[in-house]
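All remarks here apply to the structure that follows.
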Amino acid sequence: MSNLSDKAQQAVEKMKVLLVEDDELLAESLAELLDDAGYRTDIAPSMRLAAALWASEDYTLVILDLGLPDGTGLSLLADWRKTKWSVPILILTARDSWMEKVEGLRAGADDYVTKPYHEEELLARLQALLRRQVHAFSTLLEVNDIRLDEARQQFSLAHQEWQTLTSTEFRLLR
Ligand code: CA
(Lines give C-alpha, C1' and ligand atoms only; values in the text may rest on other atoms or scores of the structure.)
Protein backbone atom coordinates (compact mmCIF):
# COMPACT_ATOMS: atom_id res chain seq x y z
CA MET A 1 0.00 0.00 0.00
CA SER A 2 1.69 3.21 -1.12
CA ASN A 3 1.44 6.25 1.06
CA LEU A 4 -0.77 8.70 -0.77
CA SER A 5 0.03 11.73 1.36
CA ASP A 6 3.76 11.20 0.69
CA LYS A 7 3.03 11.33 -3.02
CA ALA A 8 1.12 14.57 -2.60
CA GLN A 9 4.03 15.99 -0.63
CA GLN A 10 6.52 15.09 -3.36
CA ALA A 11 4.31 16.68 -5.99
CA VAL A 12 4.35 19.94 -4.06
CA GLU A 13 8.09 19.93 -3.39
CA LYS A 14 9.51 19.01 -6.78
CA MET A 15 7.53 21.17 -9.16
CA LYS A 16 9.62 20.61 -12.24
CA VAL A 17 8.16 22.11 -15.37
CA LEU A 18 8.84 21.12 -18.97
CA LEU A 19 8.37 24.15 -21.18
CA VAL A 20 8.05 23.25 -24.86
CA GLU A 21 8.35 26.49 -26.79
CA ASP A 22 10.40 27.40 -29.88
CA ASP A 23 10.17 31.16 -29.44
CA GLU A 24 13.39 31.74 -27.56
CA LEU A 25 12.56 35.13 -26.04
CA LEU A 26 9.17 33.99 -24.92
CA ALA A 27 10.54 30.76 -23.48
CA GLU A 28 13.23 32.56 -21.52
CA SER A 29 10.93 35.17 -20.07
CA LEU A 30 8.46 32.46 -19.11
CA ALA A 31 11.19 30.35 -17.52
CA GLU A 32 12.24 33.36 -15.49
CA LEU A 33 8.70 33.94 -14.33
CA LEU A 34 8.39 30.27 -13.35
CA ASP A 35 11.72 30.40 -11.57
CA ASP A 36 10.54 33.38 -9.50
CA ALA A 37 7.40 31.45 -8.67
CA GLY A 38 9.47 28.53 -7.34
CA TYR A 39 9.43 26.11 -10.28
CA ARG A 40 12.40 24.51 -11.97
CA THR A 41 12.05 24.75 -15.71
CA ASP A 42 13.58 22.85 -18.62
CA ILE A 43 13.10 24.48 -22.02
CA ALA A 44 12.63 22.33 -25.14
CA PRO A 45 12.50 24.31 -28.43
CA SER A 46 11.52 21.32 -30.59
CA MET A 47 9.41 18.17 -30.53
CA ARG A 48 12.51 16.06 -30.72
CA LEU A 49 14.09 17.56 -27.61
CA ALA A 50 10.77 17.62 -25.77
CA ALA A 51 10.30 13.90 -26.41
CA ALA A 52 13.82 13.15 -25.17
CA LEU A 53 13.37 15.17 -21.98
CA TRP A 54 9.96 13.68 -21.32
CA ALA A 55 11.44 10.19 -21.57
CA SER A 56 14.33 10.87 -19.21
CA GLU A 57 12.89 13.20 -16.55
CA ASP A 58 9.91 13.30 -14.25
CA TYR A 59 7.93 16.48 -14.68
CA THR A 60 5.27 17.88 -12.42
CA LEU A 61 3.70 19.83 -15.23
CA VAL A 62 4.12 20.52 -18.94
CA ILE A 63 3.53 23.74 -20.86
CA LEU A 64 3.25 22.87 -24.54
CA ASP A 65 3.26 25.23 -27.49
CA LEU A 66 1.43 23.53 -30.34
CA GLY A 67 3.29 25.21 -33.23
CA LEU A 68 6.80 23.74 -33.21
CA PRO A 69 9.45 23.79 -35.95
CA ASP A 70 9.49 20.01 -36.38
CA GLY A 71 5.75 19.35 -36.14
CA THR A 72 2.65 19.96 -34.08
CA GLY A 73 2.59 19.59 -30.33
CA LEU A 74 -0.68 17.70 -30.74
CA SER A 75 1.11 14.51 -31.71
CA LEU A 76 3.39 14.79 -28.66
CA LEU A 77 0.34 15.28 -26.52
CA ALA A 78 -1.32 12.15 -27.85
CA ASP A 79 1.84 10.08 -27.27
CA TRP A 80 2.34 11.43 -23.76
CA ARG A 81 -1.20 10.72 -22.71
CA LYS A 82 -0.58 7.07 -23.47
CA THR A 83 2.26 6.89 -20.96
CA LYS A 84 2.25 9.32 -18.03
CA TRP A 85 -1.42 10.18 -18.03
CA SER A 86 -1.45 12.01 -14.72
CA VAL A 87 0.98 14.83 -15.55
CA PRO A 88 -1.00 18.04 -16.10
CA ILE A 89 -0.47 19.53 -19.56
CA LEU A 90 -1.24 23.14 -20.37
CA ILE A 91 -1.20 24.02 -24.07
CA LEU A 92 -0.38 27.36 -25.66
CA THR A 93 -2.55 28.06 -28.69
CA ALA A 94 -3.06 30.83 -31.22
CA ARG A 95 -5.74 33.22 -30.08
CA ASP A 96 -8.10 32.84 -33.01
CA SER A 97 -7.79 29.10 -33.48
CA TRP A 98 -10.70 27.55 -31.58
CA MET A 99 -10.05 24.31 -33.48
CA GLU A 100 -6.61 24.06 -31.92
CA LYS A 101 -8.10 24.37 -28.46
CA VAL A 102 -10.69 21.69 -29.15
CA GLU A 103 -8.13 19.33 -30.68
CA GLY A 104 -5.74 19.97 -27.82
CA LEU A 105 -8.31 19.23 -25.17
CA ARG A 106 -9.43 16.12 -27.05
CA ALA A 107 -5.85 14.91 -27.29
CA GLY A 108 -5.56 15.13 -23.51
CA ALA A 109 -4.58 18.68 -22.54
CA ASP A 110 -5.91 19.77 -19.16
CA ASP A 111 -6.16 23.45 -19.97
CA TYR A 112 -5.05 26.01 -22.53
CA VAL A 113 -3.83 29.59 -22.64
CA THR A 114 -4.05 31.63 -25.83
CA LYS A 115 -1.17 33.71 -27.15
CA PRO A 116 -0.40 36.47 -26.46
CA TYR A 117 -1.10 35.74 -22.82
CA HIS A 118 -0.72 37.64 -19.59
CA GLU A 119 1.98 36.00 -17.50
CA GLU A 120 -0.16 36.26 -14.37
CA GLU A 121 -2.97 34.37 -16.05
CA LEU A 122 -0.68 31.61 -17.20
CA LEU A 123 0.80 31.27 -13.73
CA ALA A 124 -2.63 31.20 -12.12
CA ARG A 125 -3.85 28.47 -14.47
CA LEU A 126 -0.72 26.45 -13.88
CA GLN A 127 -1.15 26.69 -10.13
CA ALA A 128 -4.81 25.71 -10.43
CA LEU A 129 -3.78 22.58 -12.37
CA LEU A 130 -1.23 21.64 -9.73
CA ARG A 131 -3.74 22.15 -6.92
CA ARG A 132 -6.17 19.84 -8.65
CA GLN A 133 -3.47 17.22 -9.11
CA VAL A 134 -2.35 17.30 -5.48
CA HIS A 135 -5.97 17.06 -4.47
CA ALA A 136 -6.36 13.94 -6.58
CA PHE A 137 -3.61 12.25 -4.58
CA SER A 138 -4.98 13.31 -1.21
CA THR A 139 -7.69 10.73 -0.91
CA LEU A 140 -6.57 9.28 2.40
CA LEU A 141 -8.38 10.48 5.52
CA GLU A 142 -6.91 9.64 8.89
CA VAL A 143 -8.56 10.08 12.29
CA ASN A 144 -6.93 8.42 15.30
CA ASP A 145 -6.61 4.77 14.33
CA ILE A 146 -9.02 4.87 11.44
CA ARG A 147 -7.85 5.35 7.88
CA LEU A 148 -10.28 5.91 5.06
CA ASP A 149 -9.25 5.70 1.41
CA GLU A 150 -11.78 7.80 -0.46
CA ALA A 151 -10.63 6.76 -3.91
CA ARG A 152 -11.00 3.04 -3.26
CA GLN A 153 -13.80 3.22 -0.71
CA GLN A 154 -11.87 1.14 1.81
CA PHE A 155 -11.05 1.53 5.47
CA SER A 156 -8.48 0.17 7.83
CA LEU A 157 -8.50 0.13 11.61
CA ALA A 158 -5.26 0.38 13.63
CA HIS A 159 -3.18 -0.39 10.52
CA GLN A 160 -4.92 -3.72 9.98
CA GLU A 161 -5.94 -5.03 6.58
CA TRP A 162 -7.90 -2.78 4.23
CA GLN A 163 -11.57 -3.59 3.99
CA THR A 164 -13.92 -2.59 1.23
CA LEU A 165 -17.09 -0.77 2.25
CA THR A 166 -20.54 -0.55 0.75
CA SER A 167 -21.57 2.94 -0.39
CA THR A 168 -23.75 3.42 2.68
CA GLU A 169 -21.04 2.27 5.10
CA PHE A 170 -18.58 4.54 3.39
CA ARG A 171 -20.86 7.58 3.62
CA LEU A 172 -21.62 6.93 7.30
CA LEU A 173 -17.99 6.46 8.22
CA ARG A 174 -16.91 9.47 6.27
CA1 CA B 1 5.67 28.24 -31.72
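The values are calculated or read from the model by the stated rules, or taken from the named source; none is laboratory data. Computed from a predicted structure; not experimentally measured. Positions of Cβ are generated from backbone atoms using ideal geometry, with glycine treated the same way; all protein chains shown enter the neighbour counts. For the accessible areas, the whole protein counts, side chains as well, though only heavy atoms, and no ligand, DNA or RNA atoms are used. Shrake-Rupley method; radii C 1.70, N 1.55, O 1.52, S 1.80 Å.
When only Cα pairs below 8 angstrom with a gap of at least 6 residues are kept, the chain shows a relative contact order of 17 percent. Using every pair of distinct Cα positions in region 6-136, the Kirkwood expression returns a hydrodynamic radius of 14.6 angstrom.
Taken along the Cα-to-beta-carbon direction at a fixed 7 Å, the label points for His159 and Ala55 span 4.2 nm. Of all DSSP beta bridges confined to the chain, the antiparallel ones make up roughly 40%.
Per residue, the chain exposes 59 Å² of solvent-accessible protein surface, assessed with a 1.4 angstrom probe and all protein chains in place. The sum of -39500 (n - 2.57) across all DSSP H runs of n ≥ 4, divided by the residue count of the chain, sets its helix-only mean residue ellipticity at 222 nm to -14000 deg cm²/dmol. Think of each Lys and Arg Cβ as +1 and each Asp and Glu Cβ as -1; about the Cα centre, that makes the dipole of region 6-136 roughly 740 debye. For Ala124 and Arg106, the difference between the fully extended length at 0.36 nm per residue and the C-alpha to C-alpha distance is 4.3 nm.
Going by a ≥ b ≥ c, the root eigenvalues of the Cα gyration tensor, does region 74-128 fall in the rounded group (a/c under 1.5), the prolate group (a/b larger than b/c) or the oblate group? In terms of gyration-tensor shape, oblate.
Only protein atoms count toward the accessible area here, which uses a 1.4 Å probe; on the chain, the carbon and sulfur part of that area reaches 51 percent.
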